[in-house]
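Peer 1: Take a look at the following structure, please.
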Amino acid sequence: MFSGEDLKQILMVLLRNKLLILLVTAAGLFTGLLYSARQPAAEYGYEATVTLSVAYGQNLGQITGNTVISSYSEIVTGSMVCERAAELLAGEKVTGEQIRRMISVSAGNNSYVLKISARNESPRLAILAANAVADSFIAQVSVITGSNTIQVLDQARTAEAVSLGGNISFRLLAPVAAFIMICVLLIAGELITDRARSVKQCLIDEGELLTVIPKVKRRY
């Protein structure tokens, strides 16, 4: 636990090195901007969602949203489903791996509802990818189970604008990380040193102190 004297010394070392802290933080901001500028991904994109019924015409007993996710998310994002979806979108020149990175899976409020979403810079491609993956997923489950237990409740017809996040997050994170790093290094260097940082550290009883002779740099 830091004492009051330690906190005072920490504040002083940060104030003495404020220019260094400013320069390192600026370097972190520059690094974040440079990294973001070299990334091909857009900061904003579009998301389209297909809603599926996972218990159509069949009594599956007591299931929960978590059960739905664990049972089907690996199939939706699997290579077979995504590659088949890419074949359905042959004219769009997208690969199965690219489609896999677009897709996310979630359960609706109803345990029997599954939602497949696709995010992309192009609203058209987001809609096409979501519907293609849904069709491919239904076909794959039909092959596995031998029955048509999954049906589309609502196809993706529109795409909503969303933030893709990555570049903005890194631009904010880089200067903050640089600021924290330089402050921690300065504080650690101040606290770990063996030299006395104040007169009080040299005394057991303040009554023993007769005088303090300051060190003065003479100017000629």
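The values are calculated or read from the model by the stated rules, or taken from the named source; none is laboratory data. Please read all numbers here as calculations on a predicted model, not as lab measurements. Cβ: placed from backbone, ideal geometry, glycine included. Neighbour counts: every protein chain shown.
Peer 1: Among the residues of segment 35-54, is any modelled with pLDDT of 75 or more, crowded, with 16+ Cβ neighbours inside 10 Å and assigned to a helix (DSSP H, G or I)?
Peer 2: Among the residues of segment 35-54, not one is modelled with pLDDT of 75 or more, crowded, with 16+ Cβ neighbours inside 10 Å and assigned to a helix (DSSP H, G or I), which makes the answer no.
Peer 1: Taking interchain pairs and intrachain pairs at least six residues apart, which have beta carbon atoms under 7 angstrom, with the first residue in segment 131-153 and more than 17 Å from THR51 (Cβ to Cβ) and the second of a type in the set (Val, Ile, Thr) and part of a helix (DSSP H, G or I)?
Peer 2: Short answer, once both residue conditions are applied: GLN140/ILE75; GLN140/VAL81.
Peer 1: Mind checking which residues of segment 83-105 are surrounded by fewer than 16 Cβ atoms within 10 Å (Cβ to Cβ), touching a Cys at 6+ places or on another chain (Cβ under 9 Å) and not in a helix (DSSP H, G or I)?
Peer 2: Within segment 83-105, just THR95 meets the criteria.
Peer 1: Also: Quick one: which of ILE168, ILE116 is in contact with an Asp or Glu (Cβ under 7 Å, 6 or more places away or on another chain) and either part of a strand (DSSP E or B) or modelled with pLDDT under 90 (or both)?
Peer 2: From the options ILE168, ILE116, the qualifying one is ILE168.
For (1) farther than 15 Å from ALA159 by Cα; (2) of a type in the set (D, E, K, R), each residue gets a yes or a no:
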| position | (1), (2) |
| --- | --- |
| GLU87 | yes, yes |
| GLU92 | yes, yes |
| THR95 | yes, no |
| GLN98 | yes, no |
| SER104 | no, no |
| TYR112 | yes, no |
| GLU121 | no, yes |
| ASP135 | yes, yes |
| GLN140 | yes, no |
